[in-house]
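J.: The following block contains the structure, expressed as structure tokens.
The values are calculated or read from the model by the stated rules, or taken from the named source; none is laboratory data. Quick caveat: nothing in here was measured; it's all calculated off a predicted structure. Cβ placement follows ideal geometry from the backbone for every residue including glycine, while neighbour counts extend to all protein chains displayed. Surface accessibility is based on the protein's heavy atoms, side chains included, excluding ligands, DNA and RNA. Shrake-Rupley method; radii C 1.70, N 1.55, O 1.52, S 1.80 Å.
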Amino acid sequence: MTEAQVEGVLLDQLGGLGYSLLNDAVSGPDGSAPEREAYSDTFLVARLRDAMARLNPQIPEDAREDALRRVVASDRPSLIEENRRLHRLMVEGVPVEYRAEDGTIRGDAVRLLDPEDGVNDWLAIAQFTVIENGNNRRPDVVVFLNGLPVGVIEVKKPGAETATLGAAFNQLQTYKAQIPSIFRANAVLVTTDGIQARIGSLTADLERFMPWRTTDGAEVAPKGAPEMPVLIEGVFARDRLLSLMQDFTVFGERPGGLAKIIAGYHQFHAVKRAVASTVEASRSGGDRKAG
């Protein structure tokens, strides 16, 4: 398989999970149906504005626009600090104040995503060109949630001597250095050659890019089995990606600075099972044995 064929298989799988699919040749600033005004834009502002209106109809438009400006404008000196800021806004909402009809000042939070996935906008764009500080780069697949770039997937050709997962990881590091704006709202990074696949956080080193060996937690794929389809479904199924972002992502200080940590598949599903067991045990008539 060629790299383009691997990319095509991956996109088809995302389409099957409910993502809209575009290519930047169509959706880019020079395309026939542009989603952004310039190649330096990494947020799809029109989609984000529409999502904020759907999610927050009770909040006046001017307050939503203020929240939009705060999301789109970079506000922290380092990429990881900016990523933490936007992660918090995605999970908790953007705090705003506005004057209500009765004249009182009210406080509220403008939601950026729907945790129940009722009205979210999911999109994957292939060959997403970004031009930043004179650097012209083109990540293979960028996943958007309500116009926010939450996933970057780097694809390599299977079997090529130099096109390894390590090379894909190094490519992501180049992107982080040269086009950092694509990672401001990032939730997950993925490397794959169509067979092997790894997931890591924004600050993960090569050793911390790990397989994701199950889709639903009930059955673990054996070592040696194709990893990409399991990882894509296991991570990018919409309910699981939302949960991974909201409930299984933390930031912590380490000797080398701020680190972003996302749960592994075993942690993710073990906690899910423990919570379900606890809820069941605490119901009326439950055995009160949460385990």
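J.: Among the residues of the range 135-155, are any surrounded by fewer than 18 Cβ atoms within 10 Å (Cβ to Cβ) and over 21 Å from residue 175 (Cβ atoms)?
T.: No, that holds for no residue.
J.: Which residues, taken from the range 240-254, are without any contact (Cβ under 8 Å) to a residue 12 or more places away in the chain and small (Gly, Ala, Ser)?
T.: 252, the sole residue that qualifies.
J.: Filter the range 156-172 for residues that are in a helix (DSSP H, G or I) and within 16 Å of residue 227 (Cβ to Cβ); which is least open to solvent (accessible area, probe 1.4 Å)?
T.: For the range 156-172, the residue satisfying everything is 168.
J.: Quick check, is residue 178 surrounded by fewer than 18 Cβ atoms within 10 Å (Cβ to Cβ) and either touching a residue at least 40 places away in the same chain (Cβ under 8 Å) or within 17 Å of residue 28 (Cα to Cα) (or both)?
T.: So residue 178 passes the test.
Each row is one residue, and each column tells you yes or no for (1) aromatic (Phe, Trp, Tyr); (2) free of Cβ contacts under 8 Å to residues at least 12 places away in the same chain; (3) in contact with a Leu (Cβ under 6 Å, 6 or more places away or on another chain).
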| position | (1), (2), (3) |
| --- | --- |
| 37 | no, yes, no |
| 46 | no, no, no |
| 55 | no, no, no |
| 70 | no, no, no |
| 80 | no, no, yes |
| 85 | no, yes, no |
| 91 | no, no, no |
| 101 | no, yes, no |
| 121 | no, no, no |
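J.: Just the residues that are of a type in the set (Gly, Ala, Ser) and out of contact with any strand residue (DSSP E or B) (no Cβ under 7 Å at 6 or more places or on another chain), please, taken from the range 54-108.
T.: 73, 74, 78, 103
J.: Then there is this: What pairs can you find where one residue is in the range 9-33 and on the phi > 0 side of the Ramachandran plot, the other is of a type outside the set (A, V, I, L, M, F, W, C), and their Cβ atoms are less than 8 Å apart, with a gap of 6+ or different chains?
T.: 18/238
J.: I need a count of the residues in the range 249-261 that are open to solvent by 30 Å² or more (accessible area, probe 1.4 Å) and modelled with pLDDT of 95 or more.
T.: 3
J.: Out of the residues in the range 262-275 that are open to solvent by 60 Å² or more (accessible area, probe 1.4 Å) and either of a type in the set (A, V, I, L, M, F, W, C) or in a strand (DSSP E or B) (or both), which is modelled with the lowest pLDDT?
T.: Ranking the qualifying residues of the range 262-275, first place goes to 275.
J.: Here's a check for you: in the range 181-239, which residue that is outside any helix (DSSP H, G or I), touching a residue at least 12 places away in the same chain (Cβ under 8 Å) and basic (Lys, Arg) is least open to solvent (accessible area, probe 1.4 Å)?
T.: Checked the range 181-239; the qualifying residue least open to solvent (accessible area, probe 1.4 Å) is 184.
J.: Does the range 64-83 contain any residue that is in contact with a helix residue (DSSP H, G or I) (Cβ under 7 Å, 6 or more places away or on another chain) and among the basic types (Lys, Arg)?
T.: Yes, the range 64-83 contains at least one residue that is in contact with a helix residue (DSSP H, G or I) (Cβ under 7 Å, 6 or more places away or on another chain) and among the basic types (Lys, Arg).
J.: Would you mind finding the one in 148, 172 that is free of Cβ contacts under 8 Å to residues at least 40 places away in the same chain and at negative phi?
T.: The match here is 172.
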